[in-house]
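Undergrad: This is the structure I have questions about; it appears just below.
The values are calculated or read from the model by the stated rules, or taken from the named source; none is laboratory data. Since the structure is predicted, the reported quantities are computational estimates derived from the model, not experimental observations. Cβ coordinates were reconstructed from backbone atoms using ideal geometry, including for glycine residues, and neighbour counts include every protein chain displayed.
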Amino acid sequence: MINEFKNFLVSGNAVDMAVGFIFGAAFASVVKSFLDNVLMPPIGMMMGDVDFTNMVYTLKPAAGEAEAVVVKYGQFITDIIGFVILGFIVFMMVRMINNLKKAEEEAPAGPTEVDLLQDILKAMKKK
């Protein structure tokens, strides 16, 4: 399943990408809320009461009216986790759709014309 997930992410299939954009937009706010309000607070607590939104590296401190120049690596970590969660959700949906398509394709066909003719022949021989 992990290899299938990797292949999905790098395949470049236009249909997979379209599905990813559609469902990505639909789930973006839900995933963001889940990360900000449910997942990241316990992770921060386990790391010693770390607030990921305050994890920054200051490149240039604030001077006068100019704001500080910072690298917000805590927010970047949160966004990466959100991307992985969203990518996995979309992957599972596409995988489910592909499995449904395979089941439809593999559905057994009815008896062939030859099979029906052989059955008729056998029935006639019995009489």
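Undergrad: Restrict the check to segment 46-57 and report whether at least one residue is of a type in the set (Ser, Thr, Tyr) and at pLDDT 85 or above.
TA: First, pick out the residues of segment 46-57 that are of a type in the set (Ser, Thr, Tyr): 53, 57.
Subset that is at pLDDT 85 or above: 57.
Looking through segment 46-57, at least one residue is of a type in the set (Ser, Thr, Tyr) and at pLDDT 85 or above.
Undergrad: Of all residues in segment 18-70, how many are out of contact with any Leu (no Cβ under 6 Å at 6 or more places or on another chain) and part of a strand (DSSP E or B)?
TA: Selection size over segment 18-70: 7.
Undergrad: Condition test on Thr112, is it in contact with a strand residue (DSSP E or B) (Cβ under 6 Å, 6 or more places away or on another chain) and more than 29 Å from Ile22 (Cβ to Cβ)?
TA: Numbers: in contact with a strand residue (DSSP E or B) (Cβ under 6 Å, 6 or more places away or on another chain): no; more than 29 Å from Ile22 (Cβ to Cβ): yes.
So Thr112 fails the test.
Conditions (1) aromatic (Phe, Trp, Tyr); (2) surrounded by 10 or more Cβ atoms within 10 Å (Cβ to Cβ); (3) in a helix (DSSP H, G or I); (4) modelled with pLDDT of 90 or more, marked per residue:
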site	(1), (2), (3), (4)
Phe76	yes, yes, yes, yes
Asp79	no, yes, yes, no
Ile89	no, yes, yes, no
Met93	no, yes, yes, no
Glu104	no, no, yes, no
Ala107	no, no, no, no
Gly110	no, no, no, no
Asp119	no, yes, yes, no
Ala123	no, no, yes, no
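Undergrad: Count, please, the residues in segment 90-115 that happen to be farther than 23 Å from Phe5 by Cβ and either among the aromatic types (Phe, Trp, Tyr) or touching an Asp or Glu at 6+ places or on another chain (Cβ under 9 Å) (or both).
TA: Number satisfying all stated conditions: 1.
Undergrad: Exactly one of (1) part of a helix (DSSP H, G or I); (2) at pLDDT below 80 is unmet by Gly12. Its number?
TA: All conditions are met except number (1).
Undergrad: Read through the list (1) under 18 Å from Val84 (Cβ atoms); (2) surrounded by 12 or more Cβ atoms within 10 Å (Cβ to Cβ); (3) hydrophobic (A, V, I, L, M, F, W, C), then give the number of the only condition that Ala25 fails.
TA: Result: Ala25 passes all but (2).
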